[in-house]
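Okay, structure first, notes after.
Derivation of every value follows stated rules applied to the coordinates shown; laboratory data play no part. This is a predicted model, so every value here is computed, not measured. Using ideal geometry, Cβ is built from the backbone for each residue, glycine included, and neighbour counts are taken over all protein chains shown.
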Amino acid sequence: MEIASKYNPRAVEEKWYEFWLEKKLFHSEPDRRRPYTVVIPPPNVTGVLHMGHMLNNTIQDVLVRRARMMGKNACWVPGTDHASISTEAKVVKMLAERGINKRDLSRDEYMKYAWEWKEKYGGIILKQLRKLGASCDWDRTAFTMDDIRYESVIQVFVDLYNKGLIYRGARMVNWDPQALTAVSDEEVIYKESHGKLFYLRYFVENVERRAENGERDYIVVATTRPETIMGDTAVCVHPEDERYQWLKGKKVVVPGVGRVVPIIMDEYVDREFGTGALKITPAHDINDYNLGMKYNLDSIDIFNDNGTLNANGGKYAGMDRFACRKAIMKDLEEAGLVEKIEDYVNKVGHSERTDAVIEPKLSTQWFMKMSDIAKKALEVVEDGKIKFHPDKFRNTYRHWLENIKDWCISRQLWWGHRIPAWYLELRTESGERRTEVVVALNEEEARKIAAEKYGYTGELRQDEDVLDTWFSSWLWPISLFDGIRNPDNEEIKYYYPTDDLITAPDIIFFWVARMIMAGEEYRGEVPFKNVYFTGIVRDKLGRKMSKSLGNSPDPIELIEKYGADGVRMGMLLTAPAGNDLPFDESICEQGRNFANKIWNALRLVKGWQVETENAERKPENEVAVEWMEQRMACVLEQIEKDFDQYRLSEALMNTYKLMWDDFCSWYLEMVKPAYGTPIDKETYDATISIFERLMYMLHPFMPFVTEEVWHLLQEADSEAKAEMIAQSSIMIQHMPSSVFYDQRMLDDCTMARDVIAGVRNLRNSRGLSPKEQLELFVVCGDGKRMNSRFDSIVKKLANVSDIKYVDNKVEGAVSFMIGTTEFFVPMSQNVDVEAEKKKLEEELKYAEGFLASVMKKLGNEKFVNGAPEKVVAVERQKKADAEQKIAALKAQIENLKA
RNA sequence: GGGAGUUUAGCUCAGCUGGUUCAGAGCACUUGCCUUACAAGCAAGGGGUCAUUGGUUCGAAUCCAAUAACUCCCACCA
C-alpha cells in the first residue's frame, strides 16, 4: 500500500465530518442507555469563532465523544444566543450603512431587518464549530428566540410575576447611553481611568453676612463630575466634622448654577476623602440617590437618555456630558469658583457590551427578587450536588449569592423577548387617571384579566421593552428539551439534569448561578452535576486576546495550518481546568507532529509482510506484546482517574506518552522485523489490536486522524467485510477500560529499558556506532537483577550479540550500574582509562554522599524509634544498596589502576 | 476596602492524606545521527536552595505563621 509520508489533515477532516453527519452519528434519541447530556454555552449570534470558543468546545467534544464510546447515549445540544444588546448594535449599524435610521422604523419593520440579519450571519459560528470536529446533535440546534424558547421565556415571566417574584419599580439603574438601555449590575465593568478631581467653591447663601464676620464664607467640595452640579440638591458633611460645624443649618449656593441647597449632615461621608464635603446629586449617583431618599431631597435629572444635557442643564442643554464637563469648568474657573484641580485615578463603570461610560439613572424597570431563590442555589453547590472544577470557584459563587441584589431584567431594546405586560389607563371616581398593568401570556389573556380585575375593556398598550438576554439563557438546559412548556415530556425526563457544563468563569454569575436557580425553580433539581471552568485564553505575553490588540489568531486559519486535531491537542495540552492558558501557536505544532507520528506508525505497520504459514514466533515478540498490554492497562487506569477529576490535559498527556514513547519508541522497535523479513501473524494481529485500542483512547482528543487510521488498520478479506468497515466508524467502538496488570512485569521492563539506555549511552559517549555489535556482561548481585525474559529485547534494541550472566567483574571493559547491578561491555578499542576513572569517581562521590545522608537518618534514635517500621526498613535497604554500590565502584576503580 | 488564588527547570504545568533515589512531565535546549515508518524524526544528555523567613516534626516542595511578588473576583469614597 502506498501511503504518503506526511499526514495531510485537510482532505481527511472534511471527509470524515461529512461521513459522521451522513451516518447521523451525533444524533441522540432517548433510549434505554444511560444519557450523557451537555448543553453548549450558546455563542452570540453576532459572534465569530475565537480561541475561547475553540477551547471550550474542544473540551466539550472530548467529554461527549468519550461518553459516547463508553456506551452512554451522548447528546450535545448546540444553539445560539440572540444577545440583545450586541445584536441590536450590529443591526443598527447595518441599517445605518443602508442609510436607514432605526428611529424611522416601526417595531415590526425593525424586527424584520433584525431577523434578516440573524438568518444571514447568525449561523456562522456553528458552521465553524464543525471544522473543529464538534459532535453536536445538529438536528437539535436551538436559538434563544425560536418558538419554543420564546414561549418558555414568556411563560416563566408570567409565572414569576404571579408568584410575586417579578415587580416593576423606579430604581437607580445602570444606564448605557449608547445602547439607550438599562443594564444589570453584572454588565458594568469598572475600569481604572485617569481623571481629575475638581475642588469647587460653594458659597454660603447670605452674601452680606460673610463679609461682615470675616468668616470663611464658602465650603470646598471635591468632585470628579462637575457637569452634574446642575443636579445638585444638597451638600453633605460628616456630623462630627469640626471643620464644618459652623455650616450647620445653613444653605449654600451651587456654583455657576445659583441654586440654593441645604447643608446636610450624614455619617456616610468619609472625612478623610477630598475636603470631607460631598455634593449630592440624587438623580445621578446611587449613593446620592440613597441620601436623597433619606433626607427627602429633590432629584433633578439633567441628562437625556443619550448622555447629553436636557433642559435642566440650562445653557449647557444639548451638550454631551463630557463636553459639558470641560465647558462648565472653564466657566467656573473664570468665575473664580474653582479652588484647585488634582489628577485623580478612579474607577469608572463601562458597559460590557458597548463600552460606553455608564450613567446611573433613575428609571422605571422590571426587577426580579433574588434573595429566596439564591438561597436554594447556594445550597446545592455547598452540599456538593453540583461540583465545580476547580473547586475554588465555589468561594466566588458563595460570595455573590450571599450578597445578591435584585436583578434588573428589562432592557430598552426591540431585539429580544418582549415583556408580556400590558398597561391600561383607568379613571378613578374622583376623575384621576391611574395606570395599571396586567401580565399575561398574550394580549388575549391580558384582555381577559383586565376585564375581570378592573372591568376594563379599552385599549391595551404592551410594554415596549424586552428582557435581559440572560433571562432566556438561564432556562437553556430546560428549554432546550421543552421542559418549561411541557414539563413532563419524555425528553426532559430523559436528558435532564444534564451532566457537565463547560464554561468560562467570567459568566459564573450571569449564567451558571442563574441556571442553577432556574433549575431549582422549574425542575426542583440541579441543571447539571459538574461545572468545568475553563481558563481564559491569553497571548504568550499574558494579555487577554482582543480584537483591538490584534493578538488573537484566527482559529480557522490555525485549523487549516495544523489540522483540527493539531489545534485541539495544542489547546488541551496547556489548559488544566481553571488555569489561564498563554496560547502560542507553536503548541499546535506539537499536535500536528503527533498526528504525523501516528500516521507514520500506521505506515510502518501496514508495510509489514505477514507470515501466515509455519510462523515461528520470536521470543521478544511474545514478551513485547505481553508488556505492551500490561502497560496499556496501567496507563488506562491513570487516564480514568484523570477523567474522573476532569484533568483533561493530564489524560491527554498520558495518552500521548503511551502512544509515542511506549508504543512507537519501545513496542514497535521491539517487534519490528528486520528489513525484508516478515512478521509472524500472531504478533501482527496483536499489534493491530493494540494500535486500534490506542486509537480509541485518542479519538476523543483527535477525532479525525484516529478515524482515518482506524479505517486503514482494518483488514478486509472479502468485499462484504470491506463494505462493512467502510460503513462503520471509530466513534461507535468501545473505549477500553483498565484491567488488572502485573506491576512486576512493568518493573522488569523498566529495568530492561534502563539497560538498553545504558548501552546506548555508552556508545554515544564513546563515539561508537550503533551498528557495531557489543557483548554485555551482567554481574548478578544478590538483590535486584535483570529478568532474563527481556534478554532478547535487550539484544535487539541495544544491538548486543550476547548477554552473559557472570559472577565477577570483567577485565578490559567499560561498565555502568543500574541500581546495584553492574554491567560490563568489553571494548574492541582502547579504553580511555582516565576518563573512565573520572566518571567512576564522580559516581562514587555521589553514592558516598547519599550513604552519609542515609546513615545520619539511621543514626538518629528518634527516627528509628519514631518513624513507621516500613520507612525505617526502606532506609536500611537504601543503606545496604549504597554500600554495595560503593564497594562495586571502588573495585572498578582499582581495576582500572591495575 | 473585602475575599480567593498562585509562586517548583528557560516556558507551561504535575507533585493526593508529610516518608520508596522525590525533586517530575511536555516543550525548549545541548551532542551525535538524513539507521528503508516518521528530520513534523531517532538516540543520548544537561538543567531547579521547590518565592523568602521562621515554626511544627525523627523527617517539609508537601502542614502552620509572617513577608514579598503576581493574578482574579467582589465592593465603588465624591
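Express as a percent, rounded to the nearest 5, the fraction of DSSP beta bridges in chain A (both residues included) that run antiparallel. Numbers along the way, then the final one.
Numbers: 68 of 97 bridges.
Close to 70 percent.
Roughly speaking, what is the centre-to-centre gap between the stretch A:326-378 and the stretch A:118-188 when only Cα atoms are used, to the nearest Å?
26
Which of the peptides A:123-135, A:802-814, A:74-86 is most tightly packed, and how do the rest follow, judged by the mean count of other Cβ atoms within 10 Å per residue? Mind dumping the intermediate values first?
On the way: A:123-135: 19.8, A:802-814: 13.6, A:74-86: 24.9.
Listed from highest to lowest mean packing, they are A:74-86, A:123-135, A:802-814.
Which number do you get for Rg(Cα) / (2.2 N^0.38 Å) in the stretch A:341-431? Working shown, then result.
Values: Rg = 20.3 Å, N = 91, 2.2 N^0.38 = 12.2 Å.
For the stretch A:341-431, the normalised Cα radius of gyration comes out at 1.66.
Using modelled backbone amide H atoms (1.01 Å from N, in-plane), which distant-in-sequence or interchain residues come within less than 5 Å of A:Thr181's amide H?
A:Asp176
Highest mean first, how do A:332-341, A:771-780 rank when packing is the count of other Cβ atoms within 10 Å averaged over residues?
Descending packing order for the listed peptides: A:771-780, A:332-341.
Quick one: of A:Lys561/A:Lys618; A:Lys191/A:Lys369; A:Lys6/A:Lys681; A:Lys251/A:Lys326; A:Lys839/A:Lys862; A:Lys857/A:Lys890, which pairs are farther than 32 Å apart, Cα to Cα? Show your work: numbers first, answer last.
Values: A:Lys561/A:Lys618 43 Å; A:Lys191/A:Lys369 28 Å; A:Lys6/A:Lys681 27 Å; A:Lys251/A:Lys326 27 Å; A:Lys839/A:Lys862 37 Å; A:Lys857/A:Lys890 24 Å.
Result: A:Lys561/A:Lys618; A:Lys839/A:Lys862 exceed 32 Å.
How long is the gain from A:Met94 to A:Glu589 if the chain were fully straight, where each residue apart is worth 0.36 nm and the alpha carbon distance is subtracted?
174.3 nm
Straight-line reach from A:Lys102: which aspartates and glutamates have a Cα under 13 Å away, not including same-chain ones fewer than 8 places off?
Qualifying aspartates and glutamates at Cα under 13 Å: A:Glu88.
Can you return the lysines within cross-link range of A:Lys24? Criterion is Cα-Cα under 25 Å, with same-chain partners fewer than 8 residues away left out.
Cα-Cα hits under 25 Å: A:Lys15, A:Lys72, A:Lys127, A:Lys131, A:Lys493, A:Lys721.
At 0.36 nm per residue, and after removing the present C-alpha to C-alpha distance, how many nm does the segment from A:Asp241 to A:Ala4 gain when stretched out fully?
Roughly 76.8 nm would be gained on extension.
Note down, for the stretch A:843-898, the three equivalent ellipsoid semi-axes (square root of 5 times each alpha carbon gyration tensor eigenvalue), biggest first, whole angstrom. Let's see the in-between values first.
Numbers: eigenvalues 161, 19, 8 Å².
Each semi-axis is √(5λ); the values are 28, 10, 6 Å.
Kindly provide log₁₀ I(q)/I(0) values, in the same order as q = 0.12, 0.13 Å⁻¹, from the Debye equation applied to equal alpha-carbon scatterers of the stretch A:599-753.
-0.55, -0.64
Output the peptides A:230-239, A:441-450 sorted from most to least packed, where packing is the average of other Cβ atoms within 10 Å over each peptide's residues. Could the numbers behind the result be given before it?
On the way: A:230-239: 23.0, A:441-450: 15.7.
Per-residue Cβ counts within 10 Å, averaged per peptide and sorted highest first, yield A:230-239, A:441-450.
Using alpha carbons only, how many angstrom separate the centre of the stretch A:230-269 from the centre of the stretch A:537-597?
58
How much length is gained on full extension from A:Arg760 to A:Asp305, taking 0.36 nm per residue of separation minus their Cα-Cα distance?
That pair, A:Arg760 and A:Asp305, stretches by 156.0 nm at full extension.
So for chain A, Kirkwood radius off the Cα pairs, Stokes-Einstein at 25 °C and 0.890 mPa s: how many µm² s⁻¹?
For the chosen part, D equals 72 µm²/s.
Between A:Glu669 and A:Lys493, with labels modelled 7 Å along Cα→Cβ, what's the label distance in nm to one decimal, could you check?
Placing both labels 7 Å beyond Cα along the Cβ direction yields 5.9 nm.
Using a simple charge model, +1 on the beta-carbon of Lys and Arg, -1 on the beta-carbon of Asp and Glu, nothing else, what dipole does chain A show about its Cα centre, in debye to the nearest 20?
1160
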